[in-house]
Structure formats: C-alpha cells, structure tokens
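The block underneath contains the structure these notes are about, expressed in structure tokens.
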Amino acid sequence: MGKKNITFSDIAKYTGFSKTTISRYFNNPDSLTLENQQIIADALEKLNYKENKVARILANGKTEFIGVIIPNLYMHYYSEVLNQILKTYETFGYKFLVFTGDDQETNERKYIQELLSYKIEGMIILSHTIPSRELASYNIPIVTIEREDQYVSSVNTDNYMGGVQATSLLAKIGADVLIHINAEFSSQIPSYGRIKGFTDICKEYKIPHELILTDTGHSYEETSQILKNLIDDIDIRYTGKTKGIFLPNDTFANIVLHHLIRRYGKLPDDYKLIGFDDSPVSREAIVPISTVGQQIDKIAAAAMEILNVQIKESHKRKPALSSEPVHQIIPPILIHRETTLPVKTP
C-alpha cells in the first residue's frame, strides 16, 4: 500500500472511524480524544500515509504560507533576520515566500498583491517604503521589524539603548573624537534611536563629536565608495586624533575596516570601530568587530509568536482581532571585540 495514494476512506476503513472523524483529526484534532488521536496516528504510520498538502489547503483554506518582504540581501542584518525567520519552521510550521524590495515602492506593492494571491496567512515586513497605515488596510496579520509601525504590530530593538552603549564604549576606551555615520531619516523609524543615543551622550558629557548624516547608497558598490570618501575626509580633518567611529550596522563597519586595512595594512591604532547588529560578518571579519548585538534570533522568534497568535485568532469563526497593535522591544547586548581595544597610553 506504500505506493498507493492513501485516502481518508482508506484510513477510515482501517481504523473503523468515519471519514468525518478522520477529517476532524487533520483539521481540528482537539475535538477527538487522545486515545482516538493515537489510533489514527498509528494507522497513518502503518499505511505509510503521505499528506496531500494541496488537498488540505483546498479543504480548509489554510495555506500555512507567510510572506516576507526585506529591503535587500547585501546588508548582513537582513540576511541574518531572514535566516532566523526560516529557522522558526520547526516551532510554528509555517512556510515562507520571500521578496526583496530594493527600496522600490511600486515593486513592493506588486509583491504584496502576488503574496495575497497565494492566500498567505500573514506577512513580516522589514522594508520601509510602504506606510504602516497602508499595510494595516490589507486586513491580514502583519508584523514589522525595525521600521515605522504606528498601525501594525512590530518587534524592534531598543535602538536608543544601543546607541548609548556604543557611544559610551568609544568614550570609555579613550577616543578623542566620536563620529557617527548614518542615513538621514524620520524619527518614526526605530533605528533613529541610534542617532539620538549618540548625540545625547556626547552632549551630556561634552564629548567632542560629529554626526554625519548622508546618503549611504543602495548597493554594496555605492555604499563602499561613499564610506571610502568619508574616511578619506575624516583622515585629513582629524589627523593625530584617535577617532571612535560608530557605524549604523555591521556591514558598514566591515566596509570601513576593509578600506582602513587596504590603506594601512592593518587597523590603525587611532581608529576605533563599532557596528550595530551582531550579524555574522562582525564575527567573521579579518579583525572581529565590536558591535551592539540585536539578538536577532529573539527578534525573529518574537515576530513569529505575535504573528502566530494573530493568525490563529483570524481563523476563528468570530475573530476578536485586537484594535491596538502589539509592539515588543528587545534589549541590545554590547559585544566588545578587537576593533575597540583601549587607546594605548604613551
């Protein structure tokens, strides 16, 4: 019988239950006693039953698909978030359809419509192009990560605390001037907290500092050239000073490290670098990079937990969906590596 497509009728005949009872086992197992669930489970194993996923979707309308839209994959943070989301399959059982938006609003709307046509159960959004008010209008469970989130549920790092941690470390190890490089964006974006944490600490303790807000590019090549030009300028303007540079993510920190090593053959003693993420590149860099760890595994797990609760509620005959979005904040962890060794005293 292993080569035959086993039907509900076959299982019913083998167990002595009705086809309705067999259907309840697949679609609402809690409606059966544990003893009857075990009898059916044993029968499935004996009959070598292979579930027809398509038939099950047609029967109950539940696809178990989650749509994911991320800005790009060249930023190590996004690729690691995706990696951790995919790992939640063993816990929640959802499968994922993934699109990269590349900051193209029109494309992302097209991708969302494509995802909805597959009858997805919910979405996880990391891209920034579509306002949360519009996302909420799709009337489907949505959780966002590290983006504007007024009208939808979200999971974010405590970016302000992370900015304070990074800035305080650079000051503590003896940098003469602190520099934060970032893009210019709305204060509604959670990562704006990194900028505010940096400026608040520098002003409170009267630390010499510079905040550089600029276009950081939309590809590795663009970003690399922009950061190279900035380092060239910083090198000239702060000659003879120990420069503590706080980058907005580990990808940028690794690019700056790469340019400095190409220029000097090593990480110069007068440069101290810290990134933000604790994505794998920070550990794998030729000089391991200090960073503010975002606990990406916990962020992914929390996002899926919130989404799962919303999906289960939406499946009820009379769903009581909360009118208020759920916002969860994950604390960061400062990770001190070789790019922030204390300044050597003469």
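Summary table below
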| item | result |
| --- | --- |
| Out-of-range pairs (alpha-carbon distance over 18 Å; input Lys272/Lys298; Lys172/Lys266; Lys228/Lys266) | Lys272/Lys298; Lys172/Lys266 |
| Three-way shape call for segment 166-281 based on the alpha-carbon gyration tensor, with the a/c threshold at 1.5 | oblate |
| The chain: Rg to Rh, with Rh as the Kirkwood radius over Cα pairs | 1.11 |
| Rg over Rh [alpha-carbon atoms, Kirkwood Rh] for segment 217-329 | 1.22 |
| Sequence of Ser282, Ser18 when ordered by accessible area, the most exposed leading, probe 1.4 angstrom | Ser18, Ser282 |
| 222 nm mean residue ellipticity, helices alone, for the chain (DSSP H n ≥ 4; -39,500 (n - 2.57); rounded to 500) | -13500 deg cm²/dmol |
| Length gained when the stretch Thr199-Arg263 is fully extended (0.36 nm per residue, less Cα-Cα span) | 20.1 nm |
| Rounded, prolate or oblate (a/c below 1.5 giving rounded, otherwise prolate when a/b exceeds b/c) for segment 150-203 by Cα gyration tensor | prolate |
| Rough spin-label spacing in nm, given labels placed 7 Å along Cα→Cβ, for Lys50 and Glu338 | 5.1 nm |
| Listed pairs Lys110/Lys196; Lys87/Lys316; Lys13/Lys316; Lys87/Lys196; Lys19/Lys316; Lys19/Lys312 exceeding 29 Å between Cα atoms | Lys110/Lys196; Lys13/Lys316; Lys87/Lys196 |
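The values are calculated or read from the model by the stated rules, or taken from the named source; none is laboratory data. This is a predicted model, so every value here is computed, not measured. Methodologically, a virtual Cβ is constructed for each residue, glycine included, from the backbone with ideal geometry; neighbour enumeration extends over all protein chains shown. Keep in mind that these areas ignore ligands, DNA and RNA; they rest on the heavy atoms of the full protein, side chains included. Shrake-Rupley method; radii C 1.70, N 1.55, O 1.52, S 1.80 Å.
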